[in-house]
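Since the structure comes first, as structure tokens, the remarks are kept for the end.
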Amino acid sequence: MSRSIYWKITIPIVLIVIAVMSILAVYMTNSIRNTQMEQLRSHLTTQARLIADISLSDLSISSSYDSIDQLAKKEGEEINARITIIAQDGTVLGDTWEDPATMENHASRPEIMAVLAAENSGESIRYSSTTGQNMMYIAVPISGADGISGVVRIALPLTIVEETVSNTRTSIVWAMVIGALSIILMTFFIARMITRPVRRMTRAVQTITAGELGGHITVYTDDELGQLGHAFNLMSRTIEEKVNALSDEKSKLATILSGITDGIIITDDRGNILLANTATERLFNCPEEKMLNHSLIEITHNYEIEEVMKASIKTAQEKSAQIESLTGKFLQVIAAPLTTSTMSGALIMIQDLTQIRSLQTMRQEFLGNVSHELRTPLTTIKAIVETLQDGAIEDKEVARDFLDRVNNEIDGMTQMVLELIELSRIETGTVKLNRETVNLNSLAREVMRRLNPLAERKRITLCADLMDNLPPVTADKNRIQQVISNIIHNGIKFTPEGGTVTIHTAVNANDVLLSVTDTGIGISRQDLPHVFERFFKADRSRSSSGTGIGLAIAKHTINAHGGHIEVQSTEGKGSTFTFSLPLGVN
């Protein structure tokens, strides 16, 4: 409470008022007491001088001092004070309250000593054991032609003075209390009036701090507080405009960062992450809130990325490196020094080149496969041509056989080129589907009829497990037939003699299903995720022939129809390829 301006204004003023009133009360009380004491002193001195004049004649008669004692008692009763008449040697000659004969010598009393020493009045205030009170003693000399012959002392209790001072003090205290309370109440009221605009501004500032921008206060005066209010309102509007502008810029930046497919990380000079975008979350499988204020190596688990960042900060130059992460991803890391007025660190961009590298690898493999597939028939054709040129053309039977073989090789190369063109057209979306009502059972039987001679040559049994009354689908007949042919042909090609290839059709709530199961060599676990990738050919047994794009064409064709294709396989036991096409018109 004492921290507020209201109390900082009020408490000092209240303390000052209390201090001033207290000092004033003490001063006035002391002043009144001193006045009362002075009046009492003056009164006692006057009375003492009168008694001294009266007693001068009695002191000239040294034979008897009874008249002096009687004078002291009489005059003392009249003025209600204690009168003591003392000889020059200090002997008490008369006293209002006591028998002079029993009283001790008073020559050592301060007031008596002062009179005898200075031939003037003397004064003393002290406690009287006789009366049990504080007394004021005033002594004056009894002077005649022969000098001082004695001393008259009048004593009076200070009770009257104390009572008067006490009553006066009480009145002053009450007056001071009432005055102080009035001033304090006015101070409270004035302080509240002064601090009211400050309290309004405080509430407005707290509102802005809570996030409610645009706070405004009403200004009622044109004084300094009014000017402060106008300045606050202007500041509030300015803050709102700047915060809105910053919010817009932040939203734009967030949108840009979230839209960037490369990982973006901002770190401080110690490698602690200050910002990370959505792509970074995907790269390292960690949400941004868990990355912030954690070290780069703690999140990436890769010291090479940290080394690139440190090198960039140390040299104040852009640094880059290509690294392979623990998860098998191939990353391009680019770090640039980042220095602002409040921090220094690095901006790190991480590009996932895994797919590009995989495509490059597959393209190289594809070029090798295509080169191999083209080189073999071209070599064969060249050998046939040379044989014919050497005279074999004269033998019609041999020439006809050679020409048939040339024609077969050309058909194979033509089929390879057509497959490449088809894949390119499907991937670029330029292929047009000629949709019609198609029954997968009929297409499966037609493909089995065409491929049955190939299966018989390899002593492989083609089996059909086709669902009765299979619902038709709307699809491109030729392309779906090509998909079925590719899958069954693969099953025959990679199934040893004596094996079986089974075609099965079924239906579920939304799709018609066709699957081809073989008892062949199967697909290894590491190759299984890649069988539908373009240019992919599994090694060893599957590298004997083909370009590795038949299943890629099948996948793109089924996807273009709104369907789905998948494979399940166990190495050494066989594979099952299954695709689905949606029921109804697409």
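The values are calculated or read from the model by the stated rules, or taken from the named source; none is laboratory data. This is a predicted model, so every value here is computed, not measured. In this analysis, Cβ positions are derived from the backbone assuming ideal geometry, glycine residues included, and neighbour counts consider all displayed protein chains. Remember, those area values only see protein heavy atoms, side chains included, never the ligands or the DNA or RNA. Shrake-Rupley method; radii C 1.70, N 1.55, O 1.52, S 1.80 Å.
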Quiz item: In this structure, is K382 closer than 20 Å to I265 by Cα and at pLDDT 75 or above?
Solution: no
Scanning the stretch 76-116 residue by residue, those within 16 Å of R126 (Cα to Cα) and either in contact with a Cys (Cβ under 6 Å, 6 or more places away or on another chain) or in a helix (DSSP H, G or I) (or both) turn out to be P110, E111, I112, M113, A114
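Quick grid of which residues meet (1) closer than 17 Å to D262 by Cβ; (2) surrounded by 12 or more Cβ atoms within 10 Å (Cβ to Cβ); (3) touching a residue at least 12 places away in the same chain (Cβ under 8 Å):
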residue	(1), (2), (3)
N277	yes, yes, yes
L296	yes, yes, yes
M309	yes, yes, yes
L326	no, no, yes
L331	yes, yes, yes
A335	yes, yes, yes
M343	no, yes, yes
T361	no, yes, no
L367	no, no, no
Among (1) in contact with a Lys or Arg (Cβ under 9 Å, 6 or more places away or on another chain); (2) open to solvent by 30 Å² or more (accessible area, probe 1.4 Å); (3) in contact (Cβ under 8 Å) with a residue 60 or more places away in the chain; (4) among the aliphatic types (A, V, I, L, M), A464 falls short only on (3)
Picking from I521, I487, the residue that is assigned to a helix (DSSP H, G or I), of a type in the set (A, V, I, L, M) and touching a helix residue (DSSP H, G or I) at 6+ places or on another chain (Cβ under 7 Å) would be I487
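So that you can scan it fast, the table gives a plain yes or no per residue for (1) under 20 Å from M343 (Cα atoms); (2) of a type in the set (V, I, T):
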| residue | (1), (2) |
| --- | --- |
| G271 | yes, no |
| L274 | yes, no |
| Y303 | no, no |
| V308 | yes, yes |
| I313 | yes, yes |
| S320 | no, no |
| I323 | no, yes |
Restricting the stretch 111-129 to residues that are at pLDDT 80 or above and of a type in the set (A, V, I, L, M, F, W, C), the one farthest from A48 (Cα to Cα) turns out to be A117
Within the stretch 557-584, the count of residues that are touching a Phe, Trp or Tyr at 6+ places or on another chain (Cβ under 7 Å), aliphatic (A, V, I, L, M) and outside any strand (DSSP E or B) comes to 1
Taking first residues from the stretch 78-99 that are of a type in the set (S, T, N, Q) and second residues anywhere that are crowded, with 21+ Cβ neighbours inside 10 Å and not in a loop (DSSP other than H, G, I, E, B), the pairs with Cβ under 6 Å that are 6 or more apart or on different chains are T84/D95; T84/R153; Q88/G150; T96/A72; T96/G76; T96/R82; T96/I83
### Meets criteria (on the phi < 0 side of the Ramachandran plot, among the β-branched types (V, I, T) and touching a residue at least 12 places away in the same chain (Cβ under 8 Å)) for I194
yes
In the set G144, G132, the lone residue that is at positive phi and modelled with pLDDT under 80 is G132
Checked against (1) at pLDDT 85 or above; (2) polar (S, T, N, Q); (3) open to solvent by less than 50 Å² (accessible area, probe 1.4 Å), S42 satisfies every condition except (3)
